[in-house]
Amino acid sequence: MIRRVNVLALLIIGALALAFSGSAAAKTCERVIEGNDQIQYNKSKLVVGADCDKLKVTLKHVGQLPRKQMGHNWVLALTKHFQDIAQSAASAGLDSGYIPDDDRIIAHTDLIGGGESTSITFDVSQLKAGNDYTYFCSFPGHYGTMQGKLVVK
Ligand code: CO
């Protein structure tokens, strides 16, 4: 009986410790970017502090055109991989949100249409300060004008 109580107490203490360390230590940073009906983002650079544990990127489509005609997403990759991924996105199709099955994609949002908003949260530990990262819209034909740099520092 005593042993059982002790085990239970330890479990509770452990759970509390986990909850506290999780909430106290994890720092989620948020960045917001817009896409419009002119195939543009409103930012060509996003900067994230290396002290952020997680980055939440919110994409707002401030245009009015529908997803299938003027869809936007936010896809992140190393700059050296981005054109390769962007060029294979068209064949991935609208149903997949023009996201190819490619593990070089670090993070991506859903594909949205005018008036919609979407977010993605991912671990900053996947990124390294000094690496060259590009974000882009993978809707066919959009990455030429819809691209920017993510800088970790
Ligand atoms: Co787009």
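No lab work stands behind these numbers, since they all come straight from the coordinates. Keep in mind that what you see is a predicted model, and the values were worked out from it rather than measured. Reconstructed Cβ throughout: ideal geometry from the backbone, glycine too, with neighbour counts over all protein chains shown.
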If you plug each phi of the range 51-65 into the Karplus form 6.51 cos²θ - 1.76 cosθ + 1.60 with θ = phi - 60°, what whole-Hz ³J(HN,Hα) values come out, in order, with x for Gly and Pro?
7, 7, 7, 10, 10, 9, 9, 10, 9, 10, 8, 8, x, 10, 6
J(HN,Hα) series, the range 35-50, from Karplus relation 6.51 cos²θ - 1.76 cosθ + 1.60, nearest Hz, glycine and proline x:
x, 10, 7, 9, 6, 9, 8, 8, 9, 9, 8, 10, 10, 10, x, 5
Taking amide hydrogens as modeled 1.01 Å from N in the peptide plane, which residues meet the under 5 Å criterion relative to Lys54, leaving out close sequence neighbours?
Lys27, Thr28, Cys29, Val124
Once fully extended, how much extra length lies between Val47 and Leu94, figured as 0.36 nm per residue of separation less the alpha-carbon to alpha-carbon distance?
14.0 nm
Which whole-Hz couplings ³J(HN,Hα) result when phi for each residue of the range 129-136 is put into the Karplus expression 6.51 cos²θ - 1.76 cosθ + 1.60, θ = phi - 60°, listed in order with x for Gly and Pro?
4, x, 6, 9, 10, 10, 10, 7
Gyration tensor on Cα atoms of the range 18-153, a ≥ b ≥ c root eigenvalues, a/c under 1.5 rounded, else prolate if a/b beats b/c, else oblate, says prolate
Based on the Cβ-Cβ distance of Asp101 and Lys27, what FRET efficiency does E = 1/(1 + (r/R0)^6) give at R0 = 41 Å, to the nearest 0.05?
0.85
Sorted from fewest to most neighbouring beta carbons within 10 Å, what does the list Leu65, Leu76 look like?
Leu65, Leu76
Taking the alpha-carbon distance from Lys56 and a cut-off under 17 Å, which aspartates and glutamates remain once sequence neighbours fewer than 8 residues away in the same chain are dropped?
Glu30, Glu34, Asp110, Glu116, Asp123
